[in-house]
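Have a look at the structure below before the remarks.
The values are calculated or read from the model by the stated rules, or taken from the named source; none is laboratory data. Values in this document were obtained by computation on a predicted structure and should not be read as measured data. We place every Cβ from the backbone using ideal geometry, glycine too, and count neighbours over all the protein chains shown.
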Amino acid sequence: MISRAAELLRESRNPVVFSGAGMSRESGMRTFRGEEGLWKEYSPEQLSSLSGLRSDPEVVWEWYKMRLITGDGIVPHAGYKALTFLQKKKGTLPVITQNVDGLHKLSGQTDVLEIHGSMRTASCLDRCGFFTELNPESLQDLPPLCPDCGAILRPDIVLFGEPLPHQVISRSYKLAEECDLMMVIGTSVQVWPAAGVPFAALENGATVIEINPARTELPQGENVISIRGKAGEILPALVDMEENK
């Protein structure tokens, strides 16, 4: 399977990557619903919604601060580095990700489409235009306030009840429709509407290489190459094989 995938990757002229939480988990990033302790008293909807942010901003921001602290120091694994190498070699390799942790960008990748936003930046809740990078030190006083208008800041992730960012999701589907190969990595392809991106690629004639430890929602067929395993192991092996043939 890996040799066939390497051959397809080598021949591809317009490849795209689609990644999910499995990529982050391999680097040690805790997933959204896996938080423990105090946060079990709150639903995800309370901690990641506009209504929750407006009604109890200090609790919501305490949770996001904890997520930033938890993620501080986590480094991209070898799979991310392999994608960075491929992106530089191919000249074009857009990365569409469902993850909000910023590890793709941290690994040196460019042209990253974060369809669920990023927890590493924040902007003014009242949309005055203020925008800032986030780190645990910048969240000493909670909730953080906009220095321009005094409104509460919001994390730049897609909150419950919000639509996906129009420009990002539109370009993601356009890339899916135009690519000849899509690498689907570390995702079960279950969270919609984002999950529609790989299906759009298949419907438009692209071949899909899926890399995931368990079976996904993608159909089994000649246009889907399924490789069961961890991205941090499979991607470097795939790059080595693609390089050496």
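Summary table
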{"read-out": "Any hit, region 91-108, residues being in the same structural domain as Met182 (by TED's automatic domain parsing), part of a helix (DSSP H, G or I) and either in contact (Cβ under 8 Å) with a residue 40 or more places away in the chain or in contact with a Leu (Cβ under 8 Å, 6 or more places away or on another chain) (or both)", "value": "yes"}
{"read-out": "Residue count for region 153-177, restricted to those that are surrounded by 11 or more Cβ atoms within 10 Å (Cβ to Cβ) and farther than 30 Å from Gly205 by Cβ", "value": "8"}
{"read-out": "Residue match in region 26-34 (condition: crowded, with 17+ Cβ neighbours inside 10 Å, assigned to a helix (DSSP H, G or I) and at pLDDT 90 or above)", "value": "yes"}
{"read-out": "Neighbours by Cβ (under 6 Å, 6+ apart or cross-chain): first from region 2-22, of a type in the set (Gly, Ala, Ser); second assigned to a strand (DSSP E or B)", "value": "Ala5/Ile209; Ala5/Ile225; Ser12/Leu181; Ser19/Thr97; Ser19/Ile185"}
{"read-out": "The lone exception for Gly150 - which of (1) over 24 Å from Ile185 (Cα atoms); (2) surrounded by 14 or more Cβ atoms within 10 Å (Cβ to Cβ) it fails", "value": "(2)"}
{"read-out": "Pairs where the first residue, in region 171-197, is assigned by TED's automatic domain parsing to the domain that holds Phe18 and the second is among the basic types (Lys, Arg), C-beta under 9 Å, 6+ apart", "value": "Asp180/Arg13; Leu181/Arg13; Gly186/Arg25; Gly186/Lys230; Ser188/Arg215"}
{"read-out": "Near pairs, Cβ below 9 angstrom, 6+ apart or cross-chain, from region 44-64 (surrounded by fewer than 18 Cβ atoms within 10 Å (Cβ to Cβ)) to any residue that is part of a strand (DSSP E or B)", "value": "Pro44/Phe160; Glu45/Phe160; Ser49/Phe160; Leu50/Arg154; Leu50/Phe160; Ser51/Phe160; Arg54/Ile152"}
{"read-out": "Close pairs from region 126-138: first loosely packed, with under 12 Cβ neighbours inside 10 Å, partner in a loop (DSSP other than H, G, I, E, B) and at pLDDT 95 or above, Cβ under 8 Å, at least 6 apart", "value": "Gly129/Asp148"}
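Listed here are the residues, each with its yes/no results for (1) part of a loop (DSSP other than H, G, I, E, B); (2) hydrophobic (A, V, I, L, M, F, W, C); (3) touching a His at 6+ places or on another chain (Cβ under 9 Å).
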| position | (1), (2), (3) |
| --- | --- |
| Leu53 | no, yes, no |
| Glu58 | no, no, no |
| Trp61 | no, yes, no |
| Lys65 | no, no, no |
| Pro76 | yes, no, yes |
| Gly79 | no, no, no |
| Gln87 | no, no, no |
